[in-house]
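Data block below; observations after.
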Amino acid sequence: MDDEILYTVADGIGTITLNRPQARNALTFAMYERLAEICGDLPGHGDPKVLVFTGAGEKAFAAGTDITQFRAFNTPDDALAYESRIDRIITAIESCPIPTIAAISGAVTGGGASIACACDIRIATQSARFGFPVARTLGNCLSMSNYARLATLLGPARVKDIVFTARLIEAEEGQRIGLYNELVTDHAALLLRMRELATTIAGHAPLTMRATKEALRRIAKANGHPQGDDLVLMCYMSADFREGMEAFLGKRAPHWQGK
């Protein structure tokens, strides 16, 4: 696992690289846990002033969770524990006390999209494709926290559009709707701009950054997150979810039954 999450610190900039390009940087549970570990213990990880997330190669930032891990799901507790675990990881990224930047090339879907949305700033190349295509792949759903995070960022109508159509948002549309702060031409330009922006932020007052992040986090938290375990179980314990997973791994179209 050590080589699946690469982490370096230089000039006050911590860089996390999701490093499974052969799997479009799909995340294993161990990779998720490593992200939370870094975000939760910055002094123990070089004490950076800015944290950058990116994916190895140009084809994907991250294509979500490694689907093979879902084959072990058999009980309601498996489904609830998974969503609880992912919520904990994404919350750790969102609550990281220093500014975070997602530098995105290619696919940014599922869990990868959740990571990007939890970051403070998102920069993307023209090849970026964002979405949660679970309605045509696995037949599962997002957690309440992730729905709330998406709705805060993009608005409820756009969340419905993205999830209902299962489409991937092209880069220019992503910038137009406020998903991306900046677009650049290609991966080389992304790495350059990522470094420039991180260097600028690293030179600014750390307490201003921390106070701003915490203030906005509290505002979002004040709106509350309703319970949604029943929705998670409805999806993850269904025959459709099992069918979607096997169809995805078997590279065939799923046959949905609505049960």
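The values are calculated or read from the model by the stated rules, or taken from the named source; none is laboratory data. On a predicted model such as this, the values are computed, not experimentally measured, just so you know. Heads up, the Cβs are rebuilt from the backbone with ideal geometry, glycines too, and the neighbour counts pull from every protein chain shown.
For beta carbons closer than 6 Å, sequence separation of 6+ or different chains, a first residue in the range 159-171 that is over 20 Å from Ile123 (Cα atoms) and a second that is not hydrophobic (A, V, I, L, M, F, W, C), the qualifying pairs are Ala166/Pro133; Ala166/Arg136. From Arg218, Arg210, Arg193, which residue is farther than 20 Å from Ile93 by Cβ and not acidic (Asp, Glu)? On inspection, the qualifying residue turns out to be Arg193.
Restricting attention to the range 177-202 and to residues that are more than 21 Å from the chain's Cα centre (by Cα) and touching a residue at least 40 places away in the same chain (Cβ under 8 Å), the residue that is surrounded by the most Cβ atoms within 10 Å (Cβ to Cβ) turns out to be Ile201. Summed over the range 140-192, residues that are farther than 24 Å from Gln227 by Cβ, touching a Gly at 6+ places or on another chain (Cβ under 8 Å) and small (Gly, Ala, Ser) total 1. Restricting to the range 4-36, name every residue that is under 21 Å from Glu58 (Cα atoms), among the aromatic types (Phe, Trp, Tyr) and without any contact (Cβ under 8 Å) to a residue 60 or more places away in the chain. Listed by number, the list holds a single entry, Tyr7.
Restricting attention to the range 218-233 and to residues that are in a helix (DSSP H, G or I) and free of Cβ contacts under 8 Å to residues at least 60 places away in the same chain, the residue that is nearest to Thr65 (Cα to Cα) turns out to be Asp230. When the range 240-259 is examined, which residues are found to be more than 17 Å from Ala23 (Cα to Cα), part of a loop (DSSP other than H, G, I, E, B) and not polar (S, T, N, Q)? Correct list: Arg252, Ala253, Pro254, His255, Trp256, Gly258, Lys259.
Of the listed requirements (1) closer than 30 Å to Ala166 by Cβ; (2) outside any loop (DSSP other than H, G, I, E, B); (3) modelled with pLDDT of 85 or more, Ala215 misses just one: (1). Here the condition is being in contact with a Leu (Cβ under 7 Å, 6 or more places away or on another chain) and at pLDDT 95 or above; of Gly55, Gly46, it holds for Gly55 alone. Within the range 130-174, the residues that satisfy the criterion of being of a type in the set (A, V, I, L, M) and in contact with a Leu (Cβ under 8 Å, 6 or more places away or on another chain) are Val134, Leu142, Met144, Leu150, Leu153, Leu154, Val159, Ile162, Val163, Ile169, Ala171.
Being under 30 Å from Arg242 (Cα atoms), buried (at least 22 other Cβ atoms within 10 Å of the Cβ), touching a helix residue (DSSP H, G or I) at 6+ places or on another chain (Cβ under 9 Å) and at pLDDT 95 or above is a property that Ala62 has.
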